[in-house]
Structures are given as C-alpha cells and as structure tokens.
Amino acid sequence: MPKTWVGWLFASFWIVLALLGAAAVGLYFFLPREQIRAQVERLIEAQIGRDVTFAGAFRPSLYPVLGFRADDVSVANVANGRAATFAAAEGLAVGVEVIPFLQGRLIVTELVLQKPAISLEIDAEGRPNWLFAPRPGAAPAPPRPTKTPPAEQDMRLHDVRIVDGLISQNDFRANVGWMVEDVDLQSSIVSLAAPMEIDGALTYRGERVELEIDQARPRALMRGEATDMAVALRAAPMVARLQGRLDPRAETFVGAGQASGESLRRVAAWLGAPMAPGAGFERFSVDGRLNAARASLSIENATMSLDQLQGRGDLLIETQRAKPYVSGRLELQALDLNPYLAPPPAAAGAAAPASAEPTGVAAGVDLSADAYDRTPVDLSGMGAFNANLELTANAFTFQRLRTERAQLSMVLNDGFLAATLHRMQLYGGAGSGRIEIDARQPALRLVQELVVDGVDVNRFLTDAAGFAQIEGRGEVGLRLVATGRSQADFMASMGGRVHVEVVTGALRGVDLGGIARTIRNALSGDLVAANARTPFTGMSATLTLSDGVAATDNLSLNTRNLAIRGIGVIDLNGQTLDLRVVPRDQGIAVPFRMQGPWAQLAYASDLRGRARPEIEAKVRAVQARARAAR
C-alpha cells in the first residue's frame, strides 16, 4: 500500500483510469446499438430534412473521438428526384461531442465518407436537389444560453474527408450533365457560419484536377444563399483561379478570373466541346472580370492572348447552342488570319512542304508563280465555334495582304466567315473592304472586295496578286470571287472585276514606246526585258474576270509623248496573254499585238487591224460570261 499522499494520489489516478477503461469497454460491448443507430438517423434527418438509412454494420466508436462507424449509408433524394438516392456511401465515420449528444443534439466534429456517390440534379423547373432545411417541428431543444447564437455552433468539424468519391450532376432542363470521379477532398469547419477551406483532387474526363476552395459561409451554400468563394484548380490542360460571389439559386458567379494553358483545343475537347481539326487555337491566357451564368460567360476589361494574338476587350461566350458562340469587342496589337486558314498540322513523320510559305489559301493569289499550288486546303476548323466580333488591330494580315491599321466586324457562322474592314490604313493609303470565306462545303468559296486610294500600287498589287509590273501611287478597286479546294482551283475559277488608276508611274518589263517605234527591236529583246520600263503620267484599266480569264477594253496609258490604248484578254489559269496595243504619237498610230505565254511573249504589227476582231470577240465572250454569273 502507498505510504505517502503522493503514492495515494498516483494509485488513485491509475484506479480511476482503469475504471474509465473498463466502463468504456463495457459501454462499447453493451450499448444498445440499434437504439443509437435510430437516434443518430433521427438527429441527422431532423437537421437536413431527408431520410437517412444505415443499412450495413453500425459500430459505436470511442477512439479517437466518440462517434460511430457505419456501412452502406444513404441519404434520400428529393421527392421528384430521378436518382434512387441523393448520396450513398460504402462507409461513414462520424465523431460527435458527448454532452450535446446525450442532450439530443448532434454536434459533429469528424465526418469521413468512404466511396460516396453523390447525385446532384436540377429538375425541369430548375429546382436543385442539394438544398437542405430542417424538418418542421423536428428541431432539437434549444441549448443553454451562450454568447454565440445557437445556430452558429451546431457543427465543429476538425476532420472532414471524402475518399474515392463520385459526384455527378444532371440538368433536366437541357438534358446535360457531368461527372467527376476519384474525388479526394479534406477540410475542417469551425462553424457553418465561418469560412471553410477545402483541399484535394478529383478526376474529370480523364484528367486529374487539383483543387483549393475557400468558401466564406458553408451554411449559406447549403441553403442556396449567395456567398463569397475562391477556387483554384490545376490540371494538365489548364490552370485557373476564380474569386467572387456565387449564387446557387440564380446559378451565377460574379468576380474575377484568370486562366491559361498550352492548348485551347485541348481545353475545348476536355470540356466536351471539341474543335474540328485545323491550325491555331493553342497557347492561351485570359485575365478579367467574370459574370458567369448557367449557359453563358462574360469577360469584361480582360487582358487575353491566343497563339500570337494579344489584346484587351470584352467577350461573351454562350454555350446553350449546338456550338460555342463568342461575341464582343477586342483591341489587338496584330491580327493575322493566316494561321487559322491553313490546313491542319501535318501528322508526325509526314514530309514538310518544300516551301516555307504556307500552302493553299494562306499563300494567296500569285500571278508570278510558274505553276499554282494544288495542295488541298481544309478549313473545317472554322466550324469549331460561331462568333460576332468587333476588332481593332494595329496590323491586319490576310494571305499576303497587310494593313497598318484596321477596324473590322467579323461574323463566323457554321464555317462561313465574313469580315468587313473599316478605315484601313495600308501601303501609304487608306481604304475599306470585305472578305468572305465559305467553308461549309468541300469546295471553298473566297470573296475579296477592296477599295483603296493613295496606295503604293506596286506594293499593294504585289502582295494582293503577286503582280509587280506597275509602279506609282493611285486607286485600286476589286471584287474577286473564287471557288475550289486548292490555289490552282481558285485561279481557274476566278471571277469578278478589277479597276486600277495610277498617276506618275511606270510599267515594268517592257518599253511600249520603243516597241511602237520599231517592232524589229522588240523582237530582238532589247525593249522587252526585266529592266525595261514604260514611264507614264497616267494609267487606268478595268478588267472583267470570268473562269480565270481577265478581259479589258479600256486600257489607257499616257506617256510624255504617247497616248496608248489597249484591248485584250489575260488567261490567269493558262498564264497567257493576247493584247492589242495602239500607241499614238501626234496623230500617228502604230498598233501591235502582244500574244503568248507570259514568260515568252511574241510581238507583231497590226497596222491592218486584222487582230482586232479576234481579240474583241474574246473580250466580249468573257464579259458576257461575267454578266451571266452575277
């Protein structure tokens, strides 16, 4: 026996500890478990207003906290719900505070769900099934007075976990839904009225997503009330962060957001809206104010980048249609359409084209080419989304055509692109125009309409058509229409109209005045060469195009000594020319004919006018076909 009071104290401690241990063991083995099971079910049902069932084993727990462990647990769905249960879990572990539990109140300190399956639903009238409310008349007796309101102290969770869960949502208003798997989340809650942090990860459409969620008022979220929230997610396709106010009933989120990734195409496919094959739409980033609703997302005062595009503006993205619809306004540093008009990237191991320049439509019209490219052009990627955008770009590029500044309205609808260009500044002048690309059929249809004034005609025509034989500054108006699947098809089908007026310039590659003076010198090649020139004080011509052939009956070119008039046809597809030119010097006319392939023209006198009826017939035939095609 102990001899001192210290010994008695020590012995008493171990005696009490042994008695408590024995009581705990007895409590564990002899407690009426079915009675406790029923009491726990009633307490939870009273709090959430739904039937709760523990169909499997039910075990009271004394360590590490007082509580219970249960298998095969389910929470009933709403009365009109489609799923059999709102939630079902293979296992549930709950820890509770002892005194409140004995008083009939459930204050939870630990909650662990093993392999839960949670079915979120929105019925056809827009009513969600995840809003909970206590059952009328089932509220527990009020606790003793305290400085903290009773509603604020009903839950203190030191450990909340979901392990290997599955969460799905079905919206029966539009018959759409989503599902996340392998859900592993953990959190702790001081109070349902205090901020809550959730960390973890889940799998969505085969991609693992790491999550961090800061939720200001858990109770408000459970009741469907608006509350502040911040969400950060990290996945292979993208990284994003949202911070703002969530309203579950209105299904809206207002706040700020940032997102970035290596491929917008990959993100679109991941989110269930894959883009058709094509070029571009890769690296992206966006940072701005967000206003998200059930089927729309607006981004205001945003800084954004896509591929090589960078700018600011406001966008509205709507997803309730068959494909995403984008509208808004953007101010871009530069807008280059060519990457989005090119064929899809070649498959791995495929041989690269010999030329570094893009093939097909991105290369544009090139009258100087020895042979036109026959590579098929696939613009099916234009059908990935629809859009209506107002764009301002410091530089705009389409094919080889470039502007220093342009404002344009762009509409994209099911593979049809129409871009109206306003107040362009280009090649030292200004103008306006319209570009159409119709990719709705296998054979593409291209339309270009441009009116420019005061431009460097040589630079403009070189980039627009690969035609570098005219120098000077002036006015160009054109409307060209082409169809096909390759550049060769476009040249063979070219139709429309071109008007050119140039002041104080030169015609490169030929000295027409010299040819007029002596046909013999022209045939020797002295007056037809790369460095030969015909300076002029004014030049104009209107060309009518049909089926790849251009015809003119009003070519006019004035030099200091000559007034030159011409009529003829230019076969763009066959790369040949048949032109009758009449230089006149002080009333004396010396007509001659230019005929043959562009690279090897033949020149012959036509003083007797024998070539004129033949050439005029060709011109009238082209003009008649053009009128019939309008």
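The values are calculated or read from the model by the stated rules, or taken from the named source; none is laboratory data. Just so we're clear, the structure is a prediction, and the values are computed from it rather than from any experiment. Glycine also receives a Cβ, built like all others from the backbone with ideal geometry; neighbour counts cover every protein chain displayed. All accessible areas refer to the heavy atoms of the entire protein, side chains included, with ligands and DNA or RNA removed. Shrake-Rupley method; radii C 1.70, N 1.55, O 1.52, S 1.80 Å.
Compute the convex hull volume of the Cα atoms of the range 379-469, divide it by the residue count, and report the result per residue in Å³ as a whole number. Show your work: numbers first, answer last.
On the way: hull volume 7.9 nm³, N = 91.
Enclosed volume per residue, from the Cα hull, is 87 Å³.
Could you give the radius of gyration (one decimal) and Dmax (whole number) of the Cα atoms in the range 159-288, in Å?
Cα-based Rg and Dmax for the range 159-288 come out at 16.1, 52 Å.
Would you work out if the range 569-630 is rounded, prolate or oblate? Take a ≥ b ≥ c from the square roots of the eigenvalues of the alpha-carbon gyration tensor; rounded if a/c is under 1.5, else prolate when a/b is larger than b/c, oblate otherwise. Intermediate results must be reported in sequence, preceding the final value.
Numbers: a/c = 2.59, a/b = 1.48, b/c = 1.74.
It comes out oblate by the Cα gyration axes.
At R0 = 30 Å, how high is the FRET efficiency between V326 and E225 if r is their beta carbon distance? Nearest 0.05 is fine. Can you show the working numbers first?
Numbers: r = 32 Å, r/R0 = 1.07.
Calculated value: 0.40.
How much length is gained on full extension from D184 to Q243, taking 0.36 nm per residue of separation minus their Cα-Cα distance? All intermediate terms of the calculation are to be shown ahead of the outcome.
Details: separation 59, 0.36 × 59 = 21.24 nm, distance 2.22 nm.
Difference between extended and current length: 19.0 nm.
Quick one: the Cα spread of the range 162-216 along its three principal axes, in angstroms, biggest first?
The Cα atoms of the range 162-216 stretch 37, 26, 15 Å along the principal axes, largest first.
Can you compute the modelled spin-label distance between R294 and E125, with each label point 7 Å from Cα toward Cβ, in nm?
Modelled inter-label distance: 1.4 nm.
Keeping all protein chains in place and using 1.4 angstrom, which order do H422, H158 fall into by accessible surface area, from largest down? It would help to have the intermediate numbers written out before the result.
Values: H422 70, H158 145 Å².
Most to least solvent-accessible, the answer reads H158, H422.
Using the scaling law 2.2 N^0.38 Å as the reference, what is the normalised Cα Rg of the range 292-338? Can you show the working numbers first?
On the way: Rg = 11.9 Å, N = 47, 2.2 N^0.38 = 9.5 Å.
In units of the 2.2 N^0.38 Å rule of thumb, it is 1.25.
Expressed as a whole percent, how much of the Cα-Cα distance distribution for the range 214-294 exceeds 15 Å? All intermediate terms of the calculation are to be shown ahead of the outcome.
Values: 2045 of 3240 pairs.
Taking all Cα-Cα pairs of the range 214-294, the fraction more than 15 Å apart is 63 percent.
I need the peptides 388-399, 209-220 ranked by packing, meaning the mean over residues of other C-beta atoms within 10 angstrom, with the highest value on top.
Details: 388-399: 19.1, 209-220: 17.3.
Answer by packing, highest mean first, reads 388-399, 209-220.
What FRET efficiency, computed as 1/(1 + (r/R0)^6) with R0 = 22 Å and r the Cβ-Cβ distance, is obtained for R434 and R405, rounded to the nearest 0.05? Spell out each step's value before the answer.
Working: r = 17 Å, r/R0 = 0.78.
E between R434 and R405, to the nearest 0.05, is 0.80.
Given R₀ = 51 Å, FRET efficiency for Q586-S285 by Cβ-Cβ distance, to 0.05? Could you put the intermediate results ahead of the total?
On the way: r = 70 Å, r/R0 = 1.36.
Once rounded, the FRET efficiency stands at 0.15.
Quick one: pull the percentage of alpha-carbon pairs in the range 394-436 with a separation above 16 Å.
Numbers: 300 of 903 pairs.
Considering the range 394-436, 33 percent of its Cα-Cα pairs are separated by more than 16 Å.
Run the quick spin-label model on Q310 and A79: label points 7 Å from Cα toward the beta carbon, then report their separation in nm to one decimal.
The answer from the label model is 6.0 nm.
For the pair Q333 and E197, how long in nm is the line joining their label points, each one 7 Å along Cα→Cβ?
The modelled label-to-label distance comes out at 3.7 nm.
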